[in-house]
Amino acid sequence: MKFNLITISKHLLFISLLLCVTTLTYAQSKLTGNVKESSSSAAIEYATVALYNQEDNALVTGVVTDSEGKFSIPKVTEGTYKLTVAFMGFETATKENIKVSKGPVKLGTISLKEDSQMLAEIEVKGETLTAVTKVDRQVYDATKFENASGGTATDVLKNMPSVSINGEGDLSVRGSTGFVVLLNGKPVQSDAATILNQLPANAIKNVEVITAPSAKYDSEGKAGIINIITTKGAADRLYAQVNLRIGMPAIENYDNHNNPQRYGGDFTIAQQKNKINWSLGASYQRNDKAGRREGDVWTIIDERSDPNDGYRTNFPSDGERSYVEENYSGRFSFGYDPNENNTFNIAVMGGIRDKTRLADIYYNNNQKSDPTTGAPIGEPFSYYNHNSRNRQSDFFVSSVDYAHTFDNESKLSASVLYEYTMLGGPTYNDNQKGNFDTPEANQYYYLRERNTNDNPLNGFRANIDYSFKPMTFGQIDVGYQYRTLDHRGDFQYDSAVIIDGTPTGEWNQIHKYSSNLNLNRDIHSAYAQLAGEKGNWTYGVGVRGEYMDRVLDYQGTAPGATKEVLNYDYFKLFPSANLQYQINDGLAVKSAYSKRVERTTTFKMNPFKEKEHSETLEQGDASLEPEFIDLVELGAVQEIGDHTIFATAYFRNTQNLINRTNTIDSDSVLNRVYTNVGQSQVFGFELGTSLKLTKWWDFYLGGNVYHDHITGEFNYDDTDNLLLVSMPIDTQAWQYSFNVNSTFDITKTLSLNFAFNYLSERITAQGQDSRFYSPNLSVKKTFLDDRLAVNVQWLNMDMGVLETNEQRITTSGDYTAYGYGANAGAVVDNSFYTTTNYVYEVDQIMINITYNFNSLKNKSKGVKSEFGNKEF
């Protein structure tokens, strides 16, 4: 029945689109042109184009130019016309005696001259909205989220209505971490966090959230696509911005070994002039985080064949969990437009991220006991564990783009992208005895281990797209894309030689946790997409065919270990459709369907155990299959003046769901296993509002409520203990998140901003994560005609009365394991429970200083058209 619902939804959407297409009539002619500045040849967006009947001067119709300065007026009947082009700050241009008969009429470039007197006197009243709804996406003005100033792209994204952030800083869209990040429309193949945490928030202009992408986009991304648009330069003028970020000393004390440090800065220089546009930027951020970790683990291991052999192990712990993080990044882009028909663009971005997590944990009074009577078994024991995990990610992304527009308005574009990322870093795990009052006093080692890994990633993408000349029934786009990924991993685990509690400096490799892993993935895909408008209807329908070939080879490091090679491939069709009906000037309803895929990461496919710290191992599944997703949406958008409200109901069905599950490895050590566990069905509803409540009060609210039901079975082969584990999974719950952002303009140069991010308790395959929330307050003051801005932020407000920036993660399970091989006949009943509360730093005070070297107030790109913004 579930499959039928999806199929019926697809058929209904497709039939609706066919009905729209078959009722189209042919227009007699169409007028096209583009609008540019006369001095710089820069395109003018939102210029008003009006068409008049030349005989009686009656207005026929009007449109506005797009982001490239282009306009198109369809369905113009035969006759003689006059056309005017106007934009605030420029003299109005007029073209007369435009003869229209059958066939398109190309007006070419219309240049506007600056009106110097008007520019000097004008006072702009229009203002961009926080959120704008388009037929296939939500567009957000990143500058509206002042709480993100001085931070990174992650700080911007967490304010989106469907986006939430947890205690570890992981972003999710509609409850799923499976989303694809595009940077100016270009996909990145490495971990999204690598890019998001190194791109400064001040460099971001807009964020586009595309939850049901069309077939024109790559099919990857369970929760859709987030496209980040960076700032471009002002026309005919050098634009430069410098930002400085300073963090005040920590207010709360978490008994951490070192005090956190927070500071950094970034700059952007950009220009659009004549046929050339370019931008250059760089950023450095030091963003440490103090905190603590409070945990408890117990396990029960009870072999049925020996009732006296069962025991329970309690494993309470408490200690430091802090982060030291540094990010360096640089970016450069260059564009050249030799004429109206050709454009060339080159872009590069690189960065270095170094993040160290320190977990100095005291395991106190660990005790084995009888699971039935509770009587202790043996003596309790305690020790100190120093665990330092360093993760480094150096990346470089470059792209070359070319586009050619033909005289008949068809367009050919091609793009090549190369990406290199080096992931890696060591983990040190030390168990020590001695004086537990201070870590420095623990000089007696009885265990010292390290885990080193190098994971170079090389990615390449090439695509070619062709847009046919616009036709009366819409625009047809076709394209082909080739992607290849080569990701290698060398994992080595060593144990130190210790004599009388002192490491000798020698290391022995532990083959059990060491391995070599190589992943090669080639993807060929082609698509066809139709999009158009008819009356009040806007529609799009397309299909993408994709062939993927994946080869994974892995090998242990023990002498004589053999290499295993696993092949996996598929060919699938990924259809998509969207349909929107404009009921009136302010109200529109829309529906969409999209089929998606979430391809597995290399980390989750490593079948060898990796020792993370004293109580946790991690392991992947070499035979992991991709997740396949069907998404159906139905929504409405209401615009009332400067206010926008949108609501969307959605259903997402995920096959081959990948989840993290736990089994008992030994005593109190749990093994985290990533594997396909079954199916997830999500019914949800999201709501977003962008309100201009008064002249001085902007209010934005975005929320998401959804019901998640996970069903399936977890099967695991515990080769170390020769046990087969089978565990049914059936868990469901209602969950929600919401983000509030409100700005109060106290004066023209002083504003107050409050933001609140909340994530409810969420279920996992074997447990739940507690709620997580973060209130933030900022005060912004501008000087020197808005060129200088000082923003004082109070982040993670707590004041000693809230539980801000704190999240508890709990898992539990009961299962029976059956022995095989030398352990044949054994039946073991296992139970486990683990809960960990992560308490991170609150009441952080940050000062951000921004200086714009060129004020754009009186330049064309700085002047906002009130009419144009409403159209946008």
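Here the strands (runs of 3 or more DSSP E) wholly within segment 256-365 that include at least 1 residues being in contact with a helix residue (DSSP H, G or I) (Cβ under 7 Å, 6 or more places away or on another chain) and crowded, with 20+ Cβ neighbours inside 10 Å are 262-273, 276-287. Considering segment 701-717, and only residues there that are surrounded by fewer than 17 Cβ atoms within 10 Å (Cβ to Cβ) and under 23 Å from the mean Cα position of the chain (by Cα), the residue that is nearest to GLN766 (Cα to Cα) turns out to be HIS707. It is to be established whether one or more residues within segment 760-767 are surrounded by fewer than 17 Cβ atoms within 10 Å (Cβ to Cβ) and farther than 30 Å from TYR820 by Cα. Yes, because at least one residue in segment 760-767 is surrounded by fewer than 17 Cβ atoms within 10 Å (Cβ to Cβ) and farther than 30 Å from TYR820 by Cα. If only residues of segment 724-733 that are touching an Asp or Glu at 6+ places or on another chain (Cβ under 8 Å) and surrounded by 12 or more Cβ atoms within 10 Å (Cβ to Cβ) are counted, the one that is farthest from GLU761 (Cα to Cα) is LEU724. Filtered by the rule that a residue be more than 22 Å from ASN57 (Cα to Cα) and either among the aliphatic types (A, V, I, L, M) or surrounded by 15 or more Cβ atoms within 10 Å (Cβ to Cβ) (or both), segment 88-103 gives MET88, GLY89, PHE90.
When segment 645-702 is filtered for residues that are more than 30 Å from PHE315 (Cα to Cα) and small (Gly, Ala, Ser), the ones remaining, listed by number, are ALA647, ALA649, GLY678, SER680, GLY684, GLY688, SER690, GLY702. Any residue at all in segment 397-407 that's surrounded by fewer than 16 Cβ atoms within 10 Å (Cβ to Cβ), under 23 Å from the mean Cα position of the chain (by Cα) and either among the charged types (D, E, K, R) or under 30 Å from LEU358 (Cβ atoms) (or both)? Looking through segment 397-407, none of the residues is surrounded by fewer than 16 Cβ atoms within 10 Å (Cβ to Cβ), under 23 Å from the mean Cα position of the chain (by Cα) and either among the charged types (D, E, K, R) or under 30 Å from LEU358 (Cβ atoms) (or both). Taken over segment 511-543, the criterion of being modelled with pLDDT under 95, surrounded by fewer than 16 Cβ atoms within 10 Å (Cβ to Cβ) and of a type in the set (A, V, I, L, M) is satisfied by no residue. Here is the figure for segment 643-671: residues that are in contact (Cβ under 8 Å) with a residue 60 or more places away in the chain, of a type outside the set (A, V, I, L, M, F, W, C) and surrounded by 17 or more Cβ atoms within 10 Å (Cβ to Cβ) total 12. So, in segment 688-700, exactly how many residues are touching a residue at least 40 places away in the same chain (Cβ under 8 Å), part of a strand (DSSP E or B), surrounded by fewer than 18 Cβ atoms within 10 Å (Cβ to Cβ) and not aromatic (Phe, Trp, Tyr)? Residues flagged as touching a residue at least 40 places away in the same chain (Cβ under 8 Å), part of a strand (DSSP E or B), surrounded by fewer than 18 Cβ atoms within 10 Å (Cβ to Cβ) and not aromatic (Phe, Trp, Tyr) within segment 688-700 amount to 1.
Every listed requirement among (1) at pLDDT below 90; (2) assigned to a strand (DSSP E or B) is met by VAL682 save one, (1). Filtered by the rule that a residue be surrounded by 15 or more Cβ atoms within 10 Å (Cβ to Cβ) and outside any strand (DSSP E or B), segment 366-396 gives a lone residue, PRO371. In segment 559-660, counting only strands (runs of 3 or more DSSP E) that sit wholly within it, the ones holding 3 or more residues that are modelled with pLDDT of 90 or more, hydrophobic (A, V, I, L, M, F, W, C) and within 18 Å of ILE523 (Cβ to Cβ) span 564-582. Restricting attention to segment 42-80, the residues that are basic (Lys, Arg) and either not in a strand (DSSP E or B) or not assigned by TED's automatic domain parsing to the domain that holds LYS30 (or both) total 1.
Answer with yes or no whether ARG286 is in the same structural domain as ASN365 (by TED's automatic domain parsing), under 30 Å from SER812 (Cβ atoms) and not aliphatic (A, V, I, L, M). Judged against the criteria, ARG286 is not a match.
Number of residues in segment 427-450 that are in contact with a helix residue (DSSP H, G or I) (Cβ under 9 Å, 6 or more places away or on another chain) and either at pLDDT below 85 or not assigned by TED's automatic domain parsing to the domain that holds LEU617 (or both) equals 2.
Would you list the strands (runs of 3 or more DSSP E) that sit entirely within segment 752-827 and hold 3 or more residues that are assigned by TED's automatic domain parsing to the domain that holds MET846 and not aliphatic (A, V, I, L, M)?
In segment 752-827, the matching strands (runs of 3 or more DSSP E) lie at 767-769, 772-783, 788-795, 806-819.
Of all residues in segment 493-504, at least one satisfies being closer than 30 Å to PHE395 by Cβ and either buried (at least 18 other Cβ atoms within 10 Å of the Cβ) or not small (Gly, Ala, Ser) (or both).
The values are calculated or read from the model by the stated rules, or taken from the named source; none is laboratory data. Given the structure is predicted, the values throughout are model-derived calculations rather than measurements. We place every Cβ from the backbone using ideal geometry, glycine too, and count neighbours over all the protein chains shown.
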